[in-house]
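Enquirer: There's a structure below that I have some questions on.
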Amino acid sequence: LGDAMTDVDALERLRAECLECTRCGLAKTRTKVVFADGNPQAPLVIVGEGPGEEEDRSGVPFVGRAGRLLDRVLVENALTRKWVYICNTVKCRAYNIEGARARNRPPSAEEAEACRPFLERQLKLIRPVVILCLGAPASNAVIHRDFRITQERGKWFTDNPFAPWVIASWHP
Ligand code: SF4
């Protein structure tokens with residue numbers, strides 16, 4: 001495993017603070033805040049977009065269809081969630097009501113900006129060796145604001161303030 005110096009107590013305090021957050025409008029419609037899953041001492045952090053319906057219900061990131069695909073990919077690479085830390089760009093579900101259905105949507109720039117301090121503090125406490133950003137919102141938050149997933153995915157970024165190695169891919 002990676003850096004054994006992660007301040008787990010500070011991370012728990014941050015989680016407690018996040019669970020109470022009402023900094024953006026998503027607080028009004030969420031069921032649960034989805035802070036993180038996995039091992040805070042892990043060298044690899046995976047950052048996704050935001051919680052969907054199943055994550056909102058369970059409070060755990062990547063447990064829906066995308067999560068099952070992610071778990072399969074981890075197993076194919078001889079990993080489980082014990083070997084990675086998983087979190088999201090925003091910690092509360094973003095969705096629109098369309099007819100009788102609630103449809104997930106990407107977080108707005110304002111929502112991502114409001115939640116950004118939580119992600120930044122999380123990454124600074126964990127100090128991973130590698131960050132894998134899944135999708136454009138995560139890449140915009142961690143790598144750079146104008147990140148273009150179609151052009152820049154698969155490229156290593158080695159000048160990042162949160163980890164020595166950062167890469168992005170499509171969201172599963
Ligand atoms: Fe707070 Fe982030 Fe949830 Fe918005 S999405 S209420 S900033 S925790």
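Enquirer: Can you tell me the FRET efficiency between residue 58 and residue 129 if r is taken as the Cβ-Cβ distance and R0 is 30 Å, rounded to the nearest 0.05?
Expert: FRET efficiency, residue 58 to residue 129: 0.60.
Enquirer: Evaluate the relative contact order of the chain (contact order divided by residue number), counting alpha-carbon pairs under 8 angstrom at least 6 apart; express in whole percent.
Expert: 25
Enquirer: Measure nothing but the geometry: give the 0 to 90° angle between the long axis through the Cα atoms of 8-19 and the longest principal axis through the Cα atoms of the chain, rounded to 10°.
Expert: It is inclined by approximately 20 degrees.
Enquirer: Using a/c under 1.5 as the rounded threshold, could you call the stretch 1-133 rounded, prolate or oblate? The axes a ≥ b ≥ c are square roots of the C-alpha gyration tensor eigenvalues, and prolate needs a/b larger than b/c, oblate otherwise.
Expert: It comes out oblate by the Cα gyration axes.
Enquirer: Moving on to the next point. Carbon and sulfur together cover what percent of the accessible area of the chain at a 1.4 Å probe radius?
Expert: Percent of accessible area from carbon and sulfur atoms in the chain: 52.
Enquirer: Here is a further query. Quote the FRET efficiency, to the nearest 0.05, computed for residue 113 versus residue 144 with a Förster distance R0 of 22 Å and r equal to the Cβ-Cβ distance.
Expert: 0.95
Enquirer: What whole-number value in Å² describes the accessible area per residue of the chain for a 1.4 Å probe?
Expert: On a per-residue basis, 53 Å².
Enquirer: Sticking with this structure for a sec: Counting other Cβ atoms within 10 Å, which GluC sites (Glu not before Pro) in the stretch 1-55 have at most 10 and lie in a DSSP loop?
Expert: For GluC sites (Glu not before Pro) across the stretch 1-55 that sit outside H, G, I, E and B with at most 10 neighbouring Cβ atoms in 10 Å, the list reads 20.
Enquirer: Right, next: Could you derive backbone 3J(HN,Hα) for the stretch 137-153 from the dihedral phi with the Karplus parameters 6.51, -1.76 and 1.60 (θ = phi - 60°), listing whole Hz in sequence and x where the residue is Gly or Pro?
Expert: Each residue of the stretch 137-153 in turn: x, 5, 5, 5, 6, 9, 9, 7, 4, 9, 4, 10, 4, 5, 9, 10, 5 Hz.
Enquirer: Would you please classify the overall shape of the stretch 1-70 from the alpha carbon gyration tensor, given that a ≥ b ≥ c denote the square roots of the eigenvalues, rounded means a/c under 1.5, and beyond that prolate means a/b larger than b/c while oblate covers the rest?
Expert: Values: a/c = 2.72, a/b = 1.25, b/c = 2.18.
Taking the square roots of the gyration eigenvalues as a ≥ b ≥ c, the stretch 1-70 is oblate.
Enquirer: What are the residues whose amide H is under 5 Å from the amide H of residue 133, where those residues sit 5 or more places off or on another chain and H is modelled from the backbone?
Expert: For residue 133, whose amide H was placed from the backbone, the distant partners under 5 Å are 47, 167, 168, 169.
Enquirer: Here's something else I'd like to know. How much length is gained if the chain between residue 16 and residue 151 is pulled fully straight, taking 0.36 nm per residue apart and subtracting their Cα-Cα distance, in nm to one decimal?
Expert: Values: separation 135, 0.36 × 135 = 48.60 nm, distance 3.73 nm.
Once the chain is fully extended between residue 16 and residue 151, it gains 44.9 nm.
Enquirer: Any chance you could give the angle, 0 to 90 degrees and rounded to 10, that helix 109-126 forms with the longest Cα principal axis of the chain?
Expert: So the helix axis and the longest Cα principal axis differ by about 30 degrees.
The values are calculated or read from the model by the stated rules, or taken from the named source; none is laboratory data. Computed from a predicted model, the values in this text were never measured in an experiment. Ideal geometry is used to build each Cβ from the backbone, glycine not excepted, and the neighbour counts take in all protein chains shown. When the accessible area is computed, the model is the full protein with side chains, heavy atoms only, and any ligands, DNA or RNA have been set aside. Shrake-Rupley method; radii C 1.70, N 1.55, O 1.52, S 1.80 Å.
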